[in-house]
């Protein structure tokens with residue numbers, strides 16, 4: 001069996017080439033061919049020695065993920081469904097804007113966190129993706145879009161690890177993938193333009209701050225432990241105060257001087273004015289340290305199994321106004337790609353669940369919501 005070179009960051013590829021008796025600069029050349037030029041055929045890598053190309057053909061390959069489907073939204077958003085084997089498929093989404101092109105990347109087949117408002121979580125969890133499977137989403141999207149638009153320059157300017165899965169629960173594969181994205185010989189993205197979104201895996205937040213600090217987004221979604229326990233079950237392990245302390249620690253190393261808090265607006269659940277005031281007290285407490293942050297309010301994208309509804313535009317506007325008047329930078333996320341189920345919280349793919357999610361969520365439904373609001 002040959003090795004997929006998409007599994008390596010540059011240091012890993014240098015080690016692999018070293019085993020073949022090749023010098024460091026050859027690995028750098030190879031890395032550029034793969035990531036900057038999108039070449040997967042070793043014969044096409046013209047400045048590599050013939051002897052090296054022959055070695056590579058015998059022990060390595062550059063393997064993209066098979067594309068099951070592609071859907072293009074009326075607003076230009078593109079969603080791909082990739083086959084990752086074993087009956088599992090994951091989704092990636094490209095979101096074009098005037099000043100940027102953002103790719104939303106998946107890190108797991110499914111998700112074990114089980115947030116109430118997330119379609120992926122309702123499918124359960126099958127497995128972690130490999131580094132190569134994470135990188136392959138960017139590799140395919142970048143070079144497919146360049147070919148489509150006839151461009152030799154970068155199409156994807158930002159990457160957000162906000163697709164299927166909890167990235168920090170796949171840490172060992174995530175960090176090398178991030179390093180490929182950041183490497184000047186790869187995609188050359190700024191640390192400010194690569195964002196990891198987490199539901200709040202506190203120990204891994206601390207590790208990321210040391211190993212590969214990039215922009216951080218935290219899925220908060222509630223101002224109290226009781227409500228967040230219900231909406232984001234991982235809160236039972238890492239409650240809000242622990243999460244906020246981890247955010248303070250992360251900011252000491254982060255490429256941005258703020259944390260983004262994501263907040264999905266759920267009608268009658270977490271969208272009342274009193275919830276906004278509770279959030280203000282959380283991040284700008286009357287006693288204790290304020291946390292430099294911004295809030296990104298996300299219109300909920302309903303799906304039948306959730307039993308939840310989207311907050312009205314008027315209520316979202318009122319909520320945003322309360323936060324803004326308290327001096328907190330607050331934005332409302334545009335809904336993009338909802339006509340192709342590519343909007344936030346809608347990515348589902350196909351997952352061979354190993355976690356009995358239907359049974360677990362059925363038990364959760366016995367919780368009376370009034371007890372946690």
Which of the residues that make up region 105-130 are touching a strand residue (DSSP E or B) at 6+ places or on another chain (Cβ under 9 Å) and not in a loop (DSSP other than H, G, I, E, B)? 108, 109, 110, 121, 123, 125, 126, 127, 128
Quick test for you: out of 145, 81, pick the one residue that is within 14 Å of residue 164 (Cα to Cα), touching a residue at least 40 places away in the same chain (Cβ under 8 Å) and touching a strand residue (DSSP E or B) at 6+ places or on another chain (Cβ under 7 Å). 81
Residue that is touching a strand residue (DSSP E or B) at 6+ places or on another chain (Cβ under 8 Å), closer than 18 Å to residue 135 by Cα and buried (at least 20 other Cβ atoms within 10 Å of the Cβ), where the choices are 13, 30, 5: 5
Only one of 116, 100 is under 23 Å from the mean Cα position of the chain (by Cα) and either under 30 Å from residue 234 (Cα atoms) or buried (at least 21 other Cβ atoms within 10 Å of the Cβ) (or both), namely 116
Which of the following residues is crowded, with 20+ Cβ neighbours inside 10 Å and over 20 Å from residue 199 (Cα atoms): 286, 311? 311
Every residue in region 41-52 that is under 28 Å from residue 154 (Cα atoms) and surrounded by fewer than 17 Cβ atoms within 10 Å (Cβ to Cβ), please. 41, 43, 44, 46, 47, 49
Return the only residue of 38, 18 being touching a helix residue (DSSP H, G or I) at 6+ places or on another chain (Cβ under 6 Å), surrounded by fewer than 18 Cβ atoms within 10 Å (Cβ to Cβ) and either assigned to a helix (DSSP H, G or I) or not assigned by TED's automatic domain parsing to the domain that holds residue 120 (or both). 38
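The values are calculated or read from the model by the stated rules, or taken from the named source; none is laboratory data. Quantities reported herein were computed from a predicted structural model and do not represent experimental measurements. So basically every Cβ, Gly included, is an ideal-geometry build from the backbone, and we count neighbours across all protein chains shown.
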